């Protein structure tokens, strides 16, 4: 489904808080205003992972994963979280990419939510 209608669907779903992981009890992470990724580490990440064969979504996904892992107390990033960040930006850009699926509809997702209208 196109990103904008899918995001609208997410906002109108009664499972959206659970689906986005907002009900999960996780420890307080790092304050992004007081922390930065060392320039050398960021340069290394970009130089090792950004190549012409990767799409901009793949490249941005790698940066999102690094961003989430930097901020989260447990240093993990879930596939769901990374895909949702990319998909929201695609929706705001109104891209024609129709590859976004609800995390509950994704076979590879850890989540098993289905769309239920609120």
Helix axis angle, 79-93 relative to the chain longest principal axis, alpha carbon, degrees:
80
So how tilted is helix 56-71 from the main axis of the chain? Cα-based, degrees 0 to 90, rounded to 10.
80
Per the Kirkwood definition applied to all pairs of different Cα atoms, how many angstroms is the hydrodynamic radius of the chain?
15.7
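Every number here is computed from the coordinates shown, using simple stated rules; none is lab data. These numbers were taken from a predicted model, which means no experiment stands behind them.
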